[in-house]
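Participant: Just passing along the structure, written as structure tokens.
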Amino acid sequence: MKNKTIDPKQIKGWGIDADPKNDPTYPMRDRMNVGEDPDSKHRPASLQPVDTEVLRSIERPNVSAVFGTPEPPRGLSGMIRRAAFKYSENRYRHWLPLVLADRVNVVEGVVSDLLHGHVPNIYAEKGYPVEWKHNRTAFITKMATIALATAGVVALLSSGKSKKKAKKKDYLSRY
């Protein structure tokens with residue numbers, strides 16, 4: 001299957017706001033007296049309440065006027081996230097721990113599921129059935145790579161064991 005460029009005009013509903021005469025936000029912009037750049041100097045009068053812990057960048061004195069309200073950071077992944085937000089957003093010390101925290105959060109979620117008696121279907125949750133159906137070659141390549149990497153790690157870890165057999169001592173042979 002080859003990727004083709006899609007012409008949005010050929011798909012019904014796509015590119016509906018491409019024509020400035022048919023821009024649904026145009027009357028609203030006129031009514032609100034908004035030019036090219038919206039007024040970003042003033043914060044709204046009523047801000048979203050902060051009901052849960054919201055991690056924010058050290059570059060910003062306050063939380064954003066509007067923000068998502070996910071679950072507050074918790075566990076080891078939450079500790080990693082809090083540590084990451086002590087650094088500037090332009091540092092690897094900010095972003096790499098956040099990536100690590102995402103991976104740790106996945107493991108925490110699986111452990112939590114198991115503790116609550118739910119066995120997660122990781123095969124389906126990772127989308128493997130769909131990939132098998134629509135992108136079989138890449139799926140087989142991915143699984144072969146994972147199998148080879150796993151076999152390599154197992155071989156590497158098991159090669160560290162000593163192959164020598166311990167000699168049995170015969171304590172009676174001296175007498």
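Participant: Scan segment 97-120 and tell me whether some residue there is in a loop (DSSP other than H, G, I, E, B) and either in contact (Cβ under 8 Å) with a residue 12 or more places away in the chain or β-branched (V, I, T) (or both).
Facilitator: First, pick out the residues of segment 97-120 that are in a loop (DSSP other than H, G, I, E, B): 116-120.
Subsequent filtering for residues that are either in contact (Cβ under 8 Å) with a residue 12 or more places away in the chain or β-branched (V, I, T) (or both) retains 119.
Among the residues of segment 97-120, at least one is in a loop (DSSP other than H, G, I, E, B) and either in contact (Cβ under 8 Å) with a residue 12 or more places away in the chain or β-branched (V, I, T) (or both), which makes the answer yes.
Participant: Test N3 against the stated conditions and say whether it is farther than 30 Å from D102 by Cβ and modelled with pLDDT under 70.
Facilitator: Details: farther than 30 Å from D102 by Cβ: no; modelled with pLDDT under 70: yes.
Answer is no for this residue.
Participant: Let me ask something else about it. In the list F67, F85, which residue meets the criterion of being at pLDDT 85 or above and either in the same structural domain as K133 (by the TED database) or open to solvent by less than 50 Å² (accessible area, probe 1.4 Å) (or both)?
Facilitator: Working: F67 fails: at pLDDT 85 or above.
Among F67, F85, only F85 is at pLDDT 85 or above and either in the same structural domain as K133 (by the TED database) or open to solvent by less than 50 Å² (accessible area, probe 1.4 Å) (or both).
Participant: So T150 passes all but one of these: (1) at pLDDT 95 or above; (2) in the same structural domain as R56 (by the TED database). Which condition number does it fail?
Facilitator: Every condition holds for T150 apart from (2).
Participant: Quick one: count up the residues across segment 103-127 that are open to solvent by less than 60 Å² (accessible area, probe 1.4 Å) and among the hydrophobic types (A, V, I, L, M, F, W, C). So that I can check it myself, show each step before the final result.
Facilitator: The first filter runs over segment 103-127 and keeps only residues open to solvent by less than 60 Å² (accessible area, probe 1.4 Å), leaving 104, 108-110, 112-113, 120, 124, 127.
When the remaining residues are screened for being among the hydrophobic types (A, V, I, L, M, F, W, C), the result is 104, 110, 124.
The total comes to 3.
Participant: Going by the structure shown, is T145 under 23 Å from the mean Cα position of the chain (by Cα), open to solvent by 60 Å² or more (accessible area, probe 1.4 Å) and at pLDDT 85 or above?
Facilitator: Details: under 23 Å from the mean Cα position of the chain (by Cα): yes; open to solvent by 60 Å² or more (accessible area, probe 1.4 Å): yes; at pLDDT 85 or above: yes.
Here the answer is yes, as T145 does meet what is asked.
Participant: Any idea which of (1) surrounded by 16 or more Cβ atoms within 10 Å (Cβ to Cβ); (2) within 24 Å of N121 (Cα to Cα) is the one R74 doesn't satisfy?
Facilitator: The failed condition is (1).
Participant: All but one of (1) hydrophobic (A, V, I, L, M, F, W, C); (2) at pLDDT 70 or above; (3) open to solvent by less than 80 Å² (accessible area, probe 1.4 Å) hold for M79; which doesn't?
Facilitator: That leaves (3) as the condition not met.
The values are calculated or read from the model by the stated rules, or taken from the named source; none is laboratory data. Values in this document were obtained by computation on a predicted structure and should not be read as measured data. A quick note on method: Cβ atoms are made from the backbone with ideal geometry, for glycine too, and the neighbour counts reach across all protein chains shown. With ligands, DNA and RNA removed, areas are computed over all heavy atoms of the protein, side chains included. Shrake-Rupley method; radii C 1.70, N 1.55, O 1.52, S 1.80 Å.
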